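All remarks here apply to the structure that follows.
The values are calculated or read from the model by the stated rules, or taken from the named source; none is laboratory data. What you see is a predicted model; the values in this text were computed from it and never measured. Here the Cβ is made from the backbone with ideal geometry for all residues, glycine too, and neighbour counts use every protein chain on show.
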Amino acid sequence: MVSLKSTLALALCAVLAAANPIALEKRQGTTGLGSIRCGDAKYSRKQVDEAVAEGCRLYANNQQVGTSEYPHRFNNREGLTFDTSGPYQEFPIISSGNYTGRAPGPDRVVFDPDYRGSCIFVGAMTHTGAVQRNGFVSCNESSSSSGSGSSAASSITTSSSFGVLLPVLSLLALTA
């Protein structure tokens with residue numbers, strides 16, 4: 001009888017594990033980002049951080065700069081892949097400091113202004129190489145060599161039903 005209870009408990013665990021897989025979620029921000037390459041332009045993590053910080057600052061203060069009024073909403077008609085589901089804002093990234101209203105150039109950082117209460121970098125894009133006029137393609141991101149993580153790393157989130165069933169299964173195992 002003890003063997004049957006143990007077998008039943010193990011079988012139930014296997015079924016629950018298959019039915020409730022642990023969801024993985026991409027990490028956001030520039031942790032582990034080495035640099036980005038947009039066409040022929042290369043930007044350091046520091047330049048990305050500064051552009052995102054300025055875009056977030058302007059967004060938080062309800063301010064915009066330039067004739068195209070940056071930062072502004074990016075609707076992602078191109079279907080580019082980013083680290084969150086949005087809504088997104090775009091802001092120019094340029095090689096010589098922060099964008100202040102002059103010609104924006106082709107490259108942009110994309111940020112989510114309210115991801116879990118924070119304004120975070122989710123990706124970069126460029127007009128360079130886009131098929132359509134005013135279209136965008138993703139920039140290439142490289143990881144830093146520090147090994148401290150990467151923007152594509154995953155964190156684990158568990159479903160609440162699994163958290164409730166674990167004590168029940170433990171109790172079954174103890175009574176077996």
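A compact table of results
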read-out: Residue within the stretch 111-127 that is at pLDDT below 70 and within 18 Å of the chain's Cα centre (by Cα) present; value: no
read-out: Selection status of Tyr59, modelled with pLDDT of 95 or more, assigned to a loop (DSSP other than H, G, I, E, B) and in the same structural domain as Ser138 (by TED's automatic domain parsing); value: no
read-out: Flag for Thr31 being in the same structural domain as Asp114 (by TED's automatic domain parsing) and either in contact with a helix residue (DSSP H, G or I) (Cβ under 8 Å, 6 or more places away or on another chain) or modelled with pLDDT of 95 or more (or both); value: no
read-out: Residue in the stretch 37-49 that is surrounded by fewer than 12 Cβ atoms within 10 Å (Cβ to Cβ) and either at pLDDT below 90 or in the same structural domain as Phe111 (by TED's automatic domain parsing) (or both) present; value: yes
read-out: Residue satisfying all of: in the stretch 95-116; of a type in the set (A, V, I, L, M, F, W, C) and touching a residue at least 40 places away in the same chain (Cβ under 8 Å); farthest from Asn62 (Cα to Cα) among these; value: Val109
read-out: Residue match in the stretch 152-169 (condition: under 24 Å from Cys38 (Cβ atoms) and either modelled with pLDDT under 95 or part of a loop (DSSP other than H, G, I, E, B) (or both)); value: yes
read-out: Any hit, the stretch 82-91, residues being touching a residue at least 24 places away in the same chain (Cβ under 8 Å), in the same structural domain as Leu33 (by TED's automatic domain parsing), surrounded by 14 or more Cβ atoms within 10 Å (Cβ to Cβ) and farther than 19 Å from Leu33 by Cβ; value: yes
read-out: Tyr59 farther than 12 Å from Asp112 by Cα and not basic (Lys, Arg); value: no
